[in-house]
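K.L.:
Can you keep this structure in mind? I'll have questions shortly.
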Amino acid sequence: MKTYFLSIIILLLAACQNNTKPAEKVAIQDVHSYANPQEAVVKHLDLDIHVNFEEKILEGWANISISHAEDAKHIILDTKHLSILKVEISDGEGKKSQAHFTLGKEDAILGTPLNVDILPSTQKVHIQYATSSEADALQWLSPAQTAGKQHPVLLTQSQAINARTWVPIQDGPGIRFTYSAKVSVPKELIALMSAENPTTKNAEGIYNFRMSQPIPAYLLALAVGDYQFLPISGRVGVYAEPIMLEKCANELAETEKMVVLAESMYGKYAWERYDVIVLPPSFPFGGMENPRLTFATPTIIVGDKSLVSLIAHELAHSWSGNLVTNATWDDFWLNEGFTVYVEMRIMEALKGHNYSEMLTTLSRQELDLALSDLKETPDDTHLKLNLKGRNPDDGVTDIAYVKGYYFLRLLEETVGRDKWDPFLKAYFTENAFKSMTTELFLERLNTLLSAEQAQKVNINEWVYGAGLPQNCPIPNSPYFGKVESALSVYFTDEKNVIITEKWSTHEWLHFLRSLPTNIDASKMARLDADFHFTQSQNPEIQCVWYELSLRYKYTAAYNAVDVFLNSVGRRKFLLPLYKEMMKTPEGTAMAKRIYAKARAGYHPISYQSVDDILSGKE
Ligand code: BES
Ligand code: ZN
């Protein structure tokens with residue numbers, strides 16, 4: 001089986017689209033899937049599952065329509081920790097018969113290939129299966145872990161290679177299929193998917209879904225819980241638990257405007273509706289771009305709309321990622337770097353250049369931290385990665401996001417927006433519902449740049465080289481200039497007062513990140529007395545302030561750190577705080593004490609990372 005996987009060849013472009021003949025074949029290796037799409041490929045998934053909250057499993061059938069070469073002998077699907085109960089095949093007349101299948105050897109990262117024998121007449125493969133407690137994609141939340149405290153929640157997270165832990169499927173980003181689903185859930189809950197969604201509960205607890213645009217498996221998503229819907233515009237809306245629904249709708253009021261702005265720059269929104277579901281605080285990510293239904297952390301609901309660039313980001317994926325998709329996880333920067341670029345353009349159009357430059361400046365600070373973290377593994381700072389033998393999650397760093405962004409910004413600045421904007425729009429339009437490799441993008445880029453421009457940019461150094469090239473654009477944020485002046489006034493004399501009324505989250509983040517190095521607990525106390533950071537209810541500010549508090553032993557904030565780590569599960573906020581604590585023996589004791597209680601509330605994606613930090617692996 002291993003040799004099979006090593007020699008996988010994926011048919012891309014036309015070959016993987018619905019209703020097209022396998023004309024254009026580009027041989028691309030996806031080292032994170034066992035699938036054999038050159039022989040037999042998934043075209044449509046029809047899911048029929050029951051969500052069993054007692055046993056914390058999904059159980060039912062995956063009915064998969066396939067297209068295959070005439071002489072194809074089998075189809076290989078990805079699975080991980082699934083129990084495969086029965087496999088059948090059927091022909092064009094719908095005649096079912098028992099199928100012979102084998103499960104290969106389990107790989108700790110990739111899972112187990114499911115190899116099903118097929119006949120020349122086979123059109124569908126039917127798999128009866130159940131998930132297990134080890135399903136990385138599934139998060140089962142107790143009522144206590146929700147805002148309303150009454151009902152449990154189930155969430156899936158398929159990206160990067162976790163779809164295979166809840167559906168037997170060809171789980172590579174280069175393979176697209178449409179899907180339909182029938183999902184049965186406890187009557188008091190509603191089911192929502194990355195598909196056409198209901199807006200109200202029904203009495204039976206049975207929900208039918210349809211996703212008619214072809215998507216890769218990592219965009220399969222399901223959320224089950226006590227969710228209600230509020231429209232924001234005709235095609236935009238929000239799902240949240242009843243007690244926070246209105247607050248969420250207010251926070252996300254600008255979303256329709258974002259869609260309009262994005263469409264004006266990059267072409268028609270291809271997914272019909274754009275809804276957001278605001279999840280419990282233990283959601284490990286900020287957001288996930290599940291088509292038609294972005295999954296979002298509640299940590300952006302801070303009351304002043306200052307953190308909605310996260311929505312701009314997930315919305316941007318409707319073009320970069322969901323429409324034009326990275327062919328393999330080694331090309332991840334094509335998803336995230338492009339998305340950060342589009343996010344920044346949406347925010348610029350919405351709030352002005354000086355505003356978006358705050359965001360790009362903060363990202364640049366984060367990139368510098370990532371570069372220093374990755375000093376020992378310079379290959380991981382290439383845009384084009386080589387993740388063979390590793391978990392694709394290792395590639396989720398600010399290299400893909402922010403180095404990717406700055407590369408695209410350099411291209412924009414080199415050719416000018418009058419050329420760059422139409423180029424990018426055509427890139428999305430012409431490659432819609434297709435996969436993209438780094439090399440194909442660079443080929444396309446060649447048609448845009450003059451030889452002289454190409455040389456000046458130094459594409460190879462950016463894409464295949466380590467670190468950040470010298471010609472990286474430098475963001476300029478006048479608002480942050482004011483923050484820096486205020487900061488120096490503040491620390492010139494104990495009695496100096498500064499005016500900060502109009503500051504947004506971003507100014508405060510810059511303020512806190514730019515504090516002088518000679519801070520101590522007494523200076524922290526002065527800051528706290530003046531600006532009440534310890535009591536902040538803004539998780540972005542809380543995270544930075546608590547990190548500083550730990551570093552400078554400002555013990556007055558320690559209780560708040562404990563409370564924060566017990567109420568939020570977003571990995572971005574957990575990791576810096578646990579890492580900071582682990583730097584000293586007293587901090588280590590504190591980390592262990594807090595974690596003993598908090599771990600049970602975290603998502604596996606989060607607690608696996610925190611486990612590594614506490615056991616000294618990170
Ligand atoms: N698609 C990502 C999340 C992701 C990436 C999940 C790789 C699993 C594997 C999503 O679009 C994302 O980038 N989320 C960010 C927020 C964003 C504003 C940078 C996050 O969750 O922090
Ligand atoms: Zn993203």
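The values are calculated or read from the model by the stated rules, or taken from the named source; none is laboratory data. Computed from a predicted model, the values in this text were never measured in an experiment. Every residue, glycine among them, receives a Cβ derived from its backbone with ideal geometry; neighbour counts consider all protein chains shown. Keep in mind that these areas ignore ligands, DNA and RNA; they rest on the heavy atoms of the full protein, side chains included. Shrake-Rupley method; radii C 1.70, N 1.55, O 1.52, S 1.80 Å.
K.L.:
Assuming Phe480 fulfils every condition listed in (1) open to solvent by less than 100 Å² (accessible area, probe 1.4 Å); (2) in a loop (DSSP other than H, G, I, E, B) apart from one, which condition is it?
P.N.:
For Phe480, the exception is condition (2).
K.L.:
Taking only region 371-405 into account, find how many residues are crowded, with 17+ Cβ neighbours inside 10 Å, more than 16 Å from ligand 2 (Cβ to nearest atom) and in a helix (DSSP H, G or I).
P.N.:
3
K.L.:
Got a number for residues in region 98-115 being closer than 17 Å to Ala62 by Cβ and either outside the structural domain of Arg164 (by TED's automatic domain parsing) or part of a strand (DSSP E or B) (or both)?
P.N.:
8
K.L.:
Keeping to region 293-322, report how many residues are touching a helix residue (DSSP H, G or I) at 6+ places or on another chain (Cβ under 7 Å), among the hydrophobic types (A, V, I, L, M, F, W, C) and open to solvent by less than 10 Å² (accessible area, probe 1.4 Å).
P.N.:
Counting residues in region 293-322 that are touching a helix residue (DSSP H, G or I) at 6+ places or on another chain (Cβ under 7 Å), among the hydrophobic types (A, V, I, L, M, F, W, C) and open to solvent by less than 10 Å² (accessible area, probe 1.4 Å) gives 8.
K.L.:
Mind checking which residues of region 296-352 are away from ligand 2 (no atom under 15 Å from the Cβ), within 28 Å of Val31 (Cα to Cα) and not in a helix (DSSP H, G or I)?
P.N.:
Within region 296-352, Ala327, Thr328 meet the criteria.
K.L.:
Suppose we filter Asp368, Asp331 for residues that are charged (D, E, K, R), more than 10 Å from ligand 1 (Cβ to nearest atom), open to solvent by less than 10 Å² (accessible area, probe 1.4 Å) and not assigned by TED's automatic domain parsing to the domain that holds Ala217; which single one remains? Reasoning before the result, please.
P.N.:
Working: Asp368 fails: open to solvent by less than 10 Å² (accessible area, probe 1.4 Å).
Criteria check complete, one pass: Asp331.
K.L.:
Please verify whether Ile311 is within 24 Å of Thr199 (Cα to Cα), away from ligand 1 (no atom under 13 Å from the Cβ) and of a type in the set (A, V, I, L, M), treating the condition exactly as stated.
P.N.:
Judged against the criteria, Ile311 is not a match.
K.L.:
Quick check: is even one residue across region 505-516 loosely packed, with under 13 Cβ neighbours inside 10 Å and either under 27 Å from Tyr558 (Cα atoms) or not assigned by TED's automatic domain parsing to the domain that holds Lys351 (or both)?
P.N.:
For region 505-516, residues loosely packed, with under 13 Cβ neighbours inside 10 Å and either under 27 Å from Tyr558 (Cα atoms) or not assigned by TED's automatic domain parsing to the domain that holds Lys351 (or both): present.
K.L.:
May I pose another question? For Leu359, state whether it is more than 12 Å from ligand 1 (Cβ to nearest atom), in contact (Cβ under 8 Å) with a residue 12 or more places away in the chain, closer than 26 Å to Met258 by Cα and of a type outside the set (Phe, Trp, Tyr).
P.N.:
When the stated conditions are applied, Leu359 does not pass them.
K.L.:
Which one is nearest to Ala163 (Cα to Cα), of the residues in region 214-266 that are open to solvent by 10 Å² or more (accessible area, probe 1.4 Å) and in a loop (DSSP other than H, G, I, E, B)?
P.N.:
Ranking the candidates gives Asp226 first.
K.L.:
Additional query: Can you tell me which residues in region 116-128 are part of a strand (DSSP E or B) and crowded, with 20+ Cβ neighbours inside 10 Å?
P.N.:
Scanning region 116-128 gives Val116, Val125, Ile127.
K.L.:
Give Pro284, Pro298 a once-over and let me know the one that is near ligand 1 (Cβ under 9 Å from one of its atoms) and touching a residue at least 60 places away in the same chain (Cβ under 8 Å).
P.N.:
Pro284
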